[in-house]
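Down below is the structure, laid out as structure tokens.
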Amino acid sequence: MSKARARRGARRMVVLTDGKLNIWSAKTAVSVIRYRPGEIACVLDRKAAGRDLHALIGTGKGIPIVASLKEALAHKPNTLLIGIAPVGGKLPAAWRKVLIEAMKAGLDLISGLHTFLNDDPALAQAAKRHRREIWDVRVPPPDLDCSENVAKATKCKRVLAVGSDCNLGKMSVMLELTAEARRRGYDAEFVATGQTGIMIAGSGIPMDRTISDFTNGAAERLVMERKKREILFVEGQGAIGHPAYSAVTLGLLHGTAPDAMIMCHCPTRKVTHSVETPIPPLPFLIDLHEKLAGLVCPAKVVGIGLNTFEMTETAARREVEKTEKRTGLPATDVYRFGRVDKLMDALERHYKMRKGQR
């Protein structure tokens, strides 16, 4: 938090999703609402205004959805957060006017888009004129370098989320595991590698904005800066089989040198998000990730985090049983069933740790 923001007090955000309020298109909004609910004043979405937020996205009970910035200001926000992460991360042209009006009304801006708001002359001028801050979350550190292959030598345990596709809950599973590990007495930390995770954690590196040669080094830095922790839960990005996002996945896999992985999967998805290629069976993906990880550091997939949002309760329970039988690994949907303990139990067995042991 900057000195200027500290002087203004705690954040109180209006989340802009205008017309995109669902768990897939507005994953930034959904995650920030879920993990920072006390900082949310309202959601700005003309199409969903007046509807029940919790019914739409499964979180945010009691938070209003409004149709205009004028209505949003009545809830006394001091910050506007752009709550979508579209393919390519571009700023919708229609939103520029809203952002300028928000700064004029006294709101700072937070954006996880690839389009940096500070590079937009009109927005930058408005920020200067109205003495507002713009936080472009996806700006990477300027001094990144290649990996030195040292993360594998650290004593801290390194758990990485991997997945069958992008945009299916890898960050959420790691956040839930971090909380569970802390409840059991472990010195655990969530390691953010994407814009939404950074917004929630307050630190991290946006891996998808790093120079390709430096991606592994950036991932390694995240581990080395936290090497005194007992266990790290690293947010995953992309998917090794996704034609658009495989590079960042492999960079994380080799840069963080995990010694355990959690495989995340959405059973209703048969092809990859946005670029439709077939998603291989879980046993194949588990074997593939273990082999790729093993080129740098031996690592096992120890559990499966499922996203069953689009399934009925009965179908979701059947899918958990089916997945466990097919893979021989514990599986759960950490939101629907609240059984993150199954995954943490598996990690304790893998590491030969016991509850409360430090």
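The values are calculated or read from the model by the stated rules, or taken from the named source; none is laboratory data. Note that the coordinates shown come from a computational prediction; the quantities given were computed from them, not determined experimentally. Cβ: placed from backbone, ideal geometry, glycine included. Neighbour counts: every protein chain shown.
Remarks
- Matching entry among 173, 162 (being in contact with a His (Cβ under 8 Å, 6 or more places away or on another chain) and under 27 Å from residue 346 (Cβ atoms)): 162
- Here residue 151 meets the list (1) surrounded by fewer than 16 Cβ atoms within 10 Å (Cβ to Cβ); (2) farther than 27 Å from residue 30 by Cβ; (3) of a type outside the set (Lys, Arg); (4) touching a residue at least 24 places away in the same chain (Cβ under 8 Å) almost entirely, failing just condition (1).
- Just one of the listed residues (48, 41, 26) is modelled with pLDDT of 95 or more, surrounded by 19 or more Cβ atoms within 10 Å (Cβ to Cβ), hydrophobic (A, V, I, L, M, F, W, C) and more than 14 Å from residue 77 (Cβ to Cβ), and it is 48.
- Screening the stretch 166-284 for strands (runs of 3 or more DSSP E) wholly inside it with 3 or more residues that are farther than 30 Å from residue 134 by Cα and at pLDDT 95 or above returns the ranges 260-265.
- The number of residues in the stretch 94-116 that are assigned to a loop (DSSP other than H, G, I, E, B) and in contact with a Lys or Arg (Cβ under 8 Å, 6 or more places away or on another chain) comes to 7.
- Unique residue being crowded, with 16+ Cβ neighbours inside 10 Å and either in a helix (DSSP H, G or I) or touching a residue at least 24 places away in the same chain (Cβ under 8 Å) (or both) when the list is 317, 336, 349: 336
- Residue in the stretch 24-70 that is nearest to residue 335 (Cα to Cα), counting only those that are of a type in the set (Gly, Ala, Ser) and in contact (Cβ under 8 Å) with a residue 60 or more places away in the chain: 58
- Residues that are within 28 Å of residue 56 (Cα to Cα) and over 20 Å from the mean Cα position of the chain (by Cα), drawn from the stretch 300-321: 311, 312, 313, 314, 315, 316, 317, 318, 319, 320, 321
- Breaking point among (1) out of contact with any strand residue (DSSP E or B) (no Cβ under 7 Å at 6 or more places or on another chain); (2) on the phi > 0 side of the Ramachandran plot; (3) not charged (D, E, K, R), for residue 169: (1)
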